[in-house]
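Notes follow the structure.
The values are calculated or read from the model by the stated rules, or taken from the named source; none is laboratory data. As the structure is a computational prediction, the values presented were derived from the model and not from experiment. FYI the Cβ positions are ideal-geometry reconstructions off the backbone, even for glycines, and counts take in every protein chain you see. We work out accessible area using only protein heavy atoms, side chains counted, and drop any ligands, DNA or RNA first. Shrake-Rupley method; radii C 1.70, N 1.55, O 1.52, S 1.80 Å.
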Amino acid sequence: SNELIGVDINDALRLNAAAMAAQVYIGAEHEHKSIANVIKLIDSGTQYGIPTLAVTGVGAEMTRDARYLGLAKRIAAEIGAHYVKTYYIEEGFERVAAGCPVPIVIAGGKKLPELEALTMASRAIQGGARGVDMGRNIFQSDCALAMIQAVAAVVHRDEAPDQALQMYQDLKADIEGGRSAAQ
């Protein structure tokens with residue numbers, strides 16, 4: 001939780017950033033520093049119309065439960081974050097999302113089998129999340145292009161996870177078939 005801001009507003013402007021992000025570690029040893037980092041990004045970004053994402057970090061000694069995540073995302077929103085990234089939890093996620101006055105996106109977390117990742121995304125959206133921020137569940141899948149389209153179908157078109165998995169498998173087969181034909 002003892003982090004510095006790696007990219008300041010001038011760098012963000014030069015890079016034409018759409019948003020900035022920083023971790024906020026509520027309850028950690030350096031909580032105050034992480035809050036100050038997020039506030040600094042919010043203040044500087046607001047001057048130029050660049051929103052800030054507060055990422056609710058959980059240290060090794062912290063529990064990912066509705067009570068903690070509810071507190072962390074609420075603090076992030078109240079200090080001015082434009083949206084909050086948090087973890088999806090099975091028990092109490094709806095309450096976490098309902099208590100947040102700004103949009104929530106969920107972290108993709110560790111690599112899961114495709115159906116589990118799509119199910120997590122679907123449950124989060126059904127529970128009140130506005131989106132997902134998946135990295136390794138997309139780029140570590142067997143076919144990242146197919147997986148990102150399947151996740152988009154769940155998030156933006158309310159596709160059921162099993163139907164999105166079938167879409168993933170069909171797209172993957174089409175892409176792999178195209179590669180074989182090209183060789």
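List of remarks:
- On the stretch given as segment 14-25, residues that are of a type in the set (S, T, N, Q) and part of a loop (DSSP other than H, G, I, E, B) total 1.
- Any hit, segment 36-50, residues being within 20 Å of residue 131 (Cα to Cα) and either in contact with a Lys or Arg (Cβ under 8 Å, 6 or more places away or on another chain) or β-branched (Val, Ile, Thr) (or both): yes
- Helices (runs of 4 or more DSSP H) (entirely within segment 67-161) containing at least 3 residues that are open to solvent by less than 30 Å² (accessible area, probe 1.4 Å) and either under 30 Å from residue 172 (Cα atoms) or charged (D, E, K, R) (or both): 114-126, 144-157
- Test: residue in segment 56-74 that is over 14 Å from the mean Cα position of the chain (by Cα), among the small types (Gly, Ala, Ser) and under 13 Å from residue 24 (Cβ atoms): yes
- Only residues that are surrounded by 13 or more Cβ atoms within 10 Å (Cβ to Cβ) and within 21 Å of the chain's Cα centre (by Cα) were counted in segment 10-25, giving 9.
- Of the criteria (1) part of a loop (DSSP other than H, G, I, E, B); (2) touching a helix residue (DSSP H, G or I) at 6+ places or on another chain (Cβ under 7 Å); (3) not aromatic (Phe, Trp, Tyr), which one residue 64 fails: (2)
- Residue 28, sole failed condition from (1) in a loop (DSSP other than H, G, I, E, B); (2) open to solvent by 20 Å² or more (accessible area, probe 1.4 Å): (2)
Condition check ((1) more than 27 Å from residue 68 (Cβ to Cβ); (2) in contact with a Leu (Cβ under 8 Å, 6 or more places away or on another chain); (3) not acidic (Asp, Glu)) across all residues:
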| site | (1), (2), (3) |
| --- | --- |
| 3 | no, no, no |
| 6 | no, no, yes |
| 13 | yes, no, yes |
| 20 | no, yes, yes |
| 24 | no, no, yes |
| 28 | no, no, yes |
| 33 | no, no, yes |
| 37 | no, yes, yes |
| 44 | yes, no, yes |
